[in-house]
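J.: Attaching a single structure in structure tokens format; questions to follow.
The values are calculated or read from the model by the stated rules, or taken from the named source; none is laboratory data. Treat the numbers as computed from the prediction; the structure is a model and nothing was measured. Cβ atoms come from the backbone with ideal geometry, glycine included; neighbour counts cover every protein chain shown.
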Amino acid sequence: MWADNIGAAPDIKEARELAFKSSPVASIANWRSPMLLVHGDDDRNVPFQQTTDLVEKLRSQNVVFEELIFPDEIHDLLRWSDLGPRLPRHRRILRPKDGCSGERH
């Protein structure tokens, strides 16, 4: 019904506010824990640009993070078998008390 003119939806303002409040960037100022960002660059549910924006914000907050980007992968990570061999190098983020280097990216 509103697909052709989403701006005309009666609750568009509330919908945009809810979308922002539901996004990670809404609370980025409070983030302190190390983060592992996993994203397929062909994700059609969450635009890849959102991850690059989040990376910029994490850097500005000095939050430790690592990125694991899957080329040609979609939101569901259907090629999840590719994930297994890559995880060992991210264990310091996944288990920070066991050796997170503490380096800032």
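J.: Please specify each residue of segment 11-66 satisfying the condition of being of a type in the set (V, I, T) and within 14 Å of the chain's Cα centre (by Cα).
T.: From segment 11-66, those of a type in the set (V, I, T) are 12, 25, 28, 38, 46, 51-52, 55, 63-64; that's our starting set.
Within segment 11-66, V25, I28, V38, V46, T51, T52, V55, V63, V64 meet the criteria.
J.: Output the qualifying pairs, or none if there are none: Cβ atoms under 9 angstrom, residues six or more apart or on different chains, first residue in segment 44-64 and in contact (Cβ under 8 Å) with a residue 24 or more places away in the chain and closer than 20 Å to L78 by Cα, second residue hydrophobic (A, V, I, L, M, F, W, C) and buried (at least 17 other Cβ atoms within 10 Å of the Cβ).
T.: none
J.: For segment 1-51, enumerate the residues that are aromatic (F, W, Y) and modelled with pLDDT of 85 or more. Before you say what the answer is, go through the steps one by one.
T.: Step one: filter segment 1-51 for residues aromatic (F, W, Y), giving 2, 20, 31, 48.
If the condition is that a residue be aromatic (F, W, Y) and modelled with pLDDT of 85 or more, then F20, W31, F48 are the ones that fit.
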